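Working notes, structure below.
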Amino acid sequence: MGYRLSDPKRFGLARTSKQRWHLWRTQMTQLVTHERIHTTWAKARALQFVAHRTFKMGQDASKNRSNAINRLMGILTTKFAIKKLINEIVPKFKDPKEQVFKVVETKRRRSDFARMGYIEFTKNEIAKYEESQYKQLQETGKIVDISKYNKTWLIEERDFIKDKLDQAQSRFDALQADPNTPSVEIKRADQDVNFFKRKLETVEKDLWIENKNPLDMRRYFRIY
């Protein structure tokens with residue numbers, strides 16, 4: 001099996017091929033060691049390209065293929081990272097169709113406004129730890145959960161818009177059933193129905209976001 005680890009035309013990163021290779025070796029070792037690293041968005045995307053092939057080498061090395069182990073020694077810079085990849089990380093992903101890595105965009109860097117993000121293994125303990133810490137801060141009162149206030153207001157707004165939508169729909173049906181109604185009136189009634197439908201979709205989407213975990217909202221919906 002061949003492992004092509006670099007694609008200079010796609011990921012230049014303003015570096016030579018030798019500099020890119022040393023950068024990827026260091027970042028890949030840190031990713032295996034810590035299971036998540038925070039870097040620029042371009043480097044995270046480029047590292048994902050390399051990490052999938054490194055993970056395949058780890059799968060081959062777990063099957064006692066000496067050639068794959070030798071290739072891993074040329075990528076990962078520490079023995080601890082090689083042992084952790086083969087003995088701890090690879091056994092977690094038994095399904096071949098399972099997602100191994102995840103790249104998430106975070107808040108831009110303040111100094112130069114560069115796009116930032118982090119890459120991590122999907123099955124790690126960091127996300128569980130962050131969620132437990134967030135709940136602990138909520139219980140101590142350091143973080144105020146305003147979702148319960150927003151939910152009440154959104155539910156009232158949703159019920160109000162539903163009533164308006166029913167009224168507009170019944171008016172549109174009545175005008176459409178009358179053959180003497182001008183086409184302009186029917187068009188205006190149709191516009192009112194579409195307007196309240198769009199408003200209802202927006203409110204239901206906001207209500208769905210409020211029901212989500214705030215940590216998930218920040219991570220997956222880019223709410224900072």
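The values are calculated or read from the model by the stated rules, or taken from the named source; none is laboratory data. Just so it is clear, the model here is predicted, and its values are computed rather than measured. Virtual Cβ from ideal backbone geometry, glycine too; neighbours counted across all protein chains shown.
Only one of these is surrounded by 13 or more Cβ atoms within 10 Å (Cβ to Cβ), assigned to a helix (DSSP H, G or I), of a type in the set (D, E, K, R) and modelled with pLDDT of 75 or more: 198, 219, 171. Name it.
Result of the check over 198, 219, 171: 171.
Which residue pairs have Cβ atoms closer than 6 Å, lie 6 or more positions apart in sequence or on different chains, and pair a first residue in region 70-89 that is in the same structural domain as residue 22 (by TED's automatic domain parsing) and of a type outside the set (S, T, N, Q) with a second residue that is assigned to a loop (DSSP other than H, G, I, E, B) and modelled with pLDDT of 90 or more?
Going by the 6 Å Cβ cut-off, the qualifying pairs are 82/76.
Taking region 25-41 as the search range and keeping residues that are β-branched (Val, Ile, Thr) and either at pLDDT below 90 or in contact with a strand residue (DSSP E or B) (Cβ under 9 Å, 6 or more places away or on another chain) (or both), which one is surrounded by the fewest Cβ atoms within 10 Å (Cβ to Cβ)?
40
Please identify the pairs in which a residue from region 186-204 that is in the same structural domain as residue 159 (by TED's automatic domain parsing) has its Cβ atom under 8 Å from the Cβ atom of a residue that is of a type in the set (Phe, Trp, Tyr) and assigned to a helix (DSSP H, G or I), counting only partners at least 6 apart or on another chain.
Listed pairs, sorted by first residue: 186/172; 189/172; 190/172; 192/172; 193/172.
Tell me, please, whether a residue that is under 22 Å from the mean Cα position of the chain (by Cα), assigned by TED's automatic domain parsing to the domain that holds residue 97 and at pLDDT 90 or above can be found in region 9-24.
Within region 9-24, not a single residue is under 22 Å from the mean Cα position of the chain (by Cα), assigned by TED's automatic domain parsing to the domain that holds residue 97 and at pLDDT 90 or above.
Quick check on my filter: what residues within region 57-67 are touching a residue at least 40 places away in the same chain (Cβ under 8 Å) and over 20 Å from residue 23 (Cα atoms)?
60
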